[in-house]
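Here is the structure we will look at.
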Amino acid sequence: MTDRIDELRARIAALQDQLEREYGARRARLLHRIENGRVVWEDGVRRSHLALRQRIPAFLLDSSIRYTITAPVIYALIIPFALLDLFVSIYQAICFPAYRIPKVRRRDYIRIDRHQLAYLNWIQKLNCVYCGYCNGLIAYVREISARTEAFWCPIKHAMRTRGLHPYHAAFSAYGDGVHFREDWEASRARMQALNCEALNCDKCGGGDAT
């Protein structure tokens, strides 16, 4: 059974790599590429994008009144999101070195780049900055909580659950008390070994990955 699970996980990883290659090919078709973490457009693309930008008056006229009056509710969430960002980052800074778990890098999850698109007006750019931050923050927090779970409670759920993080696949089987201790130690070892080569440290968590 374990061999079959490992085989399926390897196939999923291969498909993910294939998907990333397809994304790269699509970027090339849309006349841009990534260089040193920045988007570089082919000549003339930005001018054509500017011609597509919708002016603010027309944008507001096209917007439903329902969207306008509910916008403050959406943006009010910046307060709890910012507090979540602060407290989770503090938790990671204090606890992950103690557990010898490499820290999660915020910049790997929070990407603010869609505001650079010339075919967006400033309201659309603001919306994209906000959504990029909030969704990236959720992914960042999820990774921190996933590593914490893998360190402290690596047990599969009894019932099927949506949205499980990748570490869950290697957790101890629900109800397998015989192998739980062994699986728990193995899960902790995996967390402590995570990104060791990239961090170039003797003990995982010894480098600063923030």
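Go through the residues of segment 131-138 one by one and say whether even a single one is over 30 Å from Ser48 (Cα atoms) and part of a helix (DSSP H, G or I). Don't jump to the end; show me each part of the working.
Here is the first cut: in segment 131-138, the ones over 30 Å from Ser48 (Cα atoms) are 137-138.
Right, trim to part of a helix (DSSP H, G or I) and you get 137-138.
Yes, segment 131-138 has at least one match.
From the residues in segment 91-122 that are assigned to a helix (DSSP H, G or I) and of a type in the set (Gly, Ala, Ser), which one is nearest to Ser187 (Cα to Cα)?
Within segment 91-122, the match that is nearest to Ser187 (Cα to Cα) is Ala98.
Pull up segment 62-73, narrow it to residues that are modelled with pLDDT under 95 and hydrophobic (A, V, I, L, M, F, W, C), then point me to the one that is surrounded by the fewest Cβ atoms within 10 Å (Cβ to Cβ).
Ile65
Out of Ala118, Ala170, which single residue is farther than 30 Å from Asp3 by Cβ, at pLDDT below 95, surrounded by 14 or more Cβ atoms within 10 Å (Cβ to Cβ) and out of contact with any strand residue (DSSP E or B) (no Cβ under 6 Å at 6 or more places or on another chain)? Outline the logic, then answer.
Details: Ala170 fails: farther than 30 Å from Asp3 by Cβ.
Of the residues listed, the single one that is farther than 30 Å from Asp3 by Cβ, at pLDDT below 95, surrounded by 14 or more Cβ atoms within 10 Å (Cβ to Cβ) and out of contact with any strand residue (DSSP E or B) (no Cβ under 6 Å at 6 or more places or on another chain) is Ala118.
Report whether or not Ala25 is under 25 Å from the mean Cα position of the chain (by Cα), modelled with pLDDT under 90 and exposed (fewer than 11 other Cβ atoms within 10 Å of the Cβ).
Yes.
Can you confirm whether Leu137 is closer than 17 Å to Arg38 by Cα and buried (at least 16 other Cβ atoms within 10 Å of the Cβ)? Spell out how you get there, then give the answer.
Details: closer than 17 Å to Arg38 by Cα: no; buried (at least 16 other Cβ atoms within 10 Å of the Cβ): yes.
When the stated conditions are applied, Leu137 does not pass them.
Checking Lys125 against (1) buried (at least 17 other Cβ atoms within 10 Å of the Cβ); (2) outside any loop (DSSP other than H, G, I, E, B); (3) in contact with a helix residue (DSSP H, G or I) (Cβ under 8 Å, 6 or more places away or on another chain): exactly one of these is not met. Which one?
In the conditions (1) buried (at least 17 other Cβ atoms within 10 Å of the Cβ); (2) outside any loop (DSSP other than H, G, I, E, B); (3) in contact with a helix residue (DSSP H, G or I) (Cβ under 8 Å, 6 or more places away or on another chain), Lys125 misses (1) alone.
The values are calculated or read from the model by the stated rules, or taken from the named source; none is laboratory data. For clarity, every value in this text was computed on a predicted model and none was experimentally measured. Backbone-built Cβ (ideal geometry, glycine too); neighbour counts: all protein chains shown.
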